[in-house]
Amino acid sequence: TFWGGIIFAAIYIPYYIFGAGNSLQHEYFADAEQTRKIRQNYIKRLKNFDDNKFQQYRSDSNLRLFGKSVFEDNCMACHNKNAAGDIGPNLTDNHWLLIEGRNKELFQFIISGNPDAGMPAWGETLSKDSLYAVVSYIKSIKGFKHIDPPAKEPQGDKYP
């Protein structure tokens, strides 16, 4: 074992430390780059918004209920009960901070998020069906009158 260790070291050290062998750092960055490419491809596929599929979610009350459960599980911490707004803005009025509130735009905003505004990217966390469902839920509660909790004051620009 002793001589085997010396022979192994005599080959390993020149090849991996001084020679052409890949270092652990090189392997790590190669794996990280591959992971980044896979993630980008996934997000790119995810951002393809299908308006027909969205309309299916809008018209099906069971799918909207699914969207409500997705909202409650993931979004309610910042947007409060019934999307009245807390840390995040009120989602039931016609005011939007960073987007104009169109279906595709909202869908893509939820996927990408905005770290500067405190909105996490949900594209890697939620499935495409969950994203369609939560967008349809958000769009279905526009104009909801809040009593408890009271709605946060409108923020951003008003869009129809």
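The values are calculated or read from the model by the stated rules, or taken from the named source; none is laboratory data. All values reported here derive from a predicted model rather than from experimental measurement. Reconstructed Cβ throughout: ideal geometry from the backbone, glycine too, with neighbour counts over all protein chains shown. With ligands, DNA and RNA removed, areas are computed over all heavy atoms of the protein, side chains included. Shrake-Rupley method; radii C 1.70, N 1.55, O 1.52, S 1.80 Å.
Quick rundown of the values:
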| quantity | calculated |
| --- | --- |
| Index of the failed condition, VAL134 passing every other in (1) more than 9 Å from the chain's Cα centre (by Cα); (2) in a loop (DSSP other than H, G, I, E, B) | (2) |
| Residue that is modelled with the highest pLDDT [pool: residues in segment 104-127 that are closer than 15 Å to ASP50 by Cβ and surrounded by fewer than 18 Cβ atoms within 10 Å (Cβ to Cβ)] | SER127 |
| The listed residue being over 13 Å from the mean Cα position of the chain (by Cα), under 22 Å from GLU153 (Cβ atoms) and open to solvent by 50 Å² or more (accessible area, probe 1.4 Å), out of ASP73, ASP93, ASP86 | ASP86 |
| Helices (runs of 4 or more DSSP H) enclosed by segment 5-87 - at least 3 residues per element that are over 30 Å from PRO149 (Cα atoms) and in contact with a helix residue (DSSP H, G or I) (Cβ under 9 Å, 6 or more places away or on another chain) | 24-46, 51-59 |
| Failed item, numbered, when ALA151 is tested on (1) farther than 22 Å from GLN56 by Cα; (2) at pLDDT 85 or above; (3) buried (at least 16 other Cβ atoms within 10 Å of the Cβ) | (2) |
| Residue tally, condition open to solvent by less than 100 Å² (accessible area, probe 1.4 Å), of a type in the set (S, T, N, Q) and over 23 Å from GLU124 (Cα atoms), over segment 1-52 | 2 |
| Test set (1) open to solvent by 40 Å² or more (accessible area, probe 1.4 Å); (2) at pLDDT 90 or above - SER130 fails condition number | (1) |
